[in-house]
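The values are calculated or read from the model by the stated rules, or taken from the named source; none is laboratory data. What you are looking at is a predicted structure, and each value in this text was computed from that prediction instead of being measured. Cβ atoms come from the backbone with ideal geometry, glycine included; neighbour counts cover every protein chain shown. Ligands, DNA and RNA are stripped out before the accessible areas are found, and what is left, the full protein with its side chains, is counted by its heavy atoms. Shrake-Rupley method; radii C 1.70, N 1.55, O 1.52, S 1.80 Å.
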Amino acid sequence: MDSQTKAEPMRVLVTGGSGLVGKAIEHVVKQEGGCLEGEQWTFLSSKEANLVDLQQTRAVFEKYRPTHVIHLAAKVGGLYLHMKENLHFLRDNLRINDNVLQTSHERGVTKVVSCLSSCIFPDKTTYPIDESMIHNGPPHDSNFGYSHAKRMIDIQNRGYFAQHGRRYTAVIPTNVYGPYDNFNFENGHVLSVLMHKTYAAKKEGTPLQVWGSGTPRRQFIYSLDVARLFLWVLREYDEIDPIILSVGEEEELPIKDAVQMIADALDFKGQIVFDTSKSDGQMKKTASNAKLRRYLPDFTFTPLSEGIKKTCDWFVNNYDIART
């Protein structure tokens, strides 16, 4: 960082601050000493401003006057909702992203770190995927609207740099899970939905119904690991090109293995049934974390079984406030 940015304390605005990654960043900032002296952190929820609306976006930037922005806010849903409403997800996310990036630019924000998603990767590709391959072909058809809107952030970042010298960048986490996730059956993430289903099946004494065959493979990353990496990107990572935040390729595992870890964590002893009439989505999306490892060779990721146990414990203890 140059001396000018050092002189003024950072005022960081986190959009989507009440979501999974936002809550994890808040935890790292407030509980793990992630906040440096003089810094101000604001965690924005959709209750305070609807970022689809430009006037509301401008008003909230006027109020908090951020020098740095972590942009997590997005219109999201589960696989099946995306399949039904691709246009809706495309339009809302294009608006949110354009409002946040353009308002950041207009107000002279030093740095924006946006959050992309591993679903932006091309559907037909070679593996592992790295940062240079994002635009090499259409994303999977199931959520093309959301995926294209997210890809456009990368295009805009390049535009703001080329035309205005802005250092706006993006990270691409693989499948994030953890406390404060969305555990709703209809539109939650895969692990959180499975945790909720397992919890319910145990309570009701019924078999656990898993949608799909359990064979698709995923790389899962614990939300607090993502949060710690976000702070590093905000402070140290200087490229405009995005960076994948992920465990290594060797950590990719079938959904059914994760289901077993969840069953163990919640002490579920019942029958597990895979409903193969339901869509599997993409069979794999193996991402390379070689670029991250070049920068941070010693970063330690939370092992999946440990992260799942912590998340299950949080869900059971916070069932009344969890998004279900």
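The length gained by stretching the chain between Lys278 and Lys202 to full extension, at 0.36 nm per residue less their Cα-Cα distance, is 25.1 nm.
Output needed for the range 183-319: three equivalent-ellipsoid semi-axes, defined as square roots of 5 times the C-alpha gyration tensor eigenvalues, in descending order, whole Å.
Values: eigenvalues 185, 58, 30 Å².
Values for the range 183-319, descending: 30, 17, 12 Å.
The Cα center of the range 145-210 and the Cα center of the range 284-324 differ in position by 12 Å. For the range 111-204, the Cα-based Rg and Dmax, in that order, read 16.7, 59 Å. When Rg and Dmax are taken over the Cα atoms of the chain, they come to 19.4, 62 Å.
Given 10 °C and 1.306 mPa s, compute D for the range 14-60 with the Stokes-Einstein relation, Rh being the Kirkwood radius over Cα pairs; round to the nearest whole µm²/s. Could the numbers behind the result be given before it?
Working: Rh = 11.5 Å.
My calculation gives 138 µm²/s for D.
Put simply, when 274-280, 156-162, 195-201 are sorted by average Cβ atoms within 10 angstrom per residue, most first, you get 195-201, 156-162, 274-280.
Which value, in Å², gives the accessible area per residue of the range 68-210 when a 1.4 Å probe is used on the protein heavy atoms? The answer is 40 Å² per residue. In the chain, the portion of solvent-accessible area held by carbon and sulfur atoms comes to 49 percent [1.4 Å probe, whole percent, DNA, RNA and ligands not counted]. Pair-distance distribution of the range 49-165: all C-alpha pairs, bin width 5 Å, starting at 0; shares per bin in whole percent are 2, 11, 21, 21, 19, 14, 8, 4, 1, 0. When the C-alpha to C-alpha distance is required to be over 20 Å, the pairs from Lys150/Lys310; Lys202/Lys278; Lys84/Lys278; Lys197/Lys285 that qualify are Lys150/Lys310; Lys202/Lys278; Lys197/Lys285.
Taken one residue at a time, the phi angles of the range 136-147 give Karplus couplings (6.51, -1.76, 1.60, θ = phi - 60°) of 7, x, x, x, 4, 5, 5, 9, 4, x, 4, 4 Hz. Gly and Pro are set to x.
Size of the range 250-324 from its Cα atoms: along the principal axes, largest to smallest, the extents are 43, 33, 23 Å.
Once Rh for the range 55-110 is found with the Kirkwood sum over Cα pairs, what is the Stokes-Einstein diffusion coefficient at 37 °C and 0.692 mPa s, in µm²/s? Don't jump to the answer; show the numbers that get you there.
Working: Rh = 12.5 Å.
Reported coefficient: 263 µm²/s.
Positive contributions from Lys and Arg (+1) and negative ones from Asp and Glu (-1), summed over other residues with Cβ under 12 Å from the Cβ of Tyr222, come out at -1.
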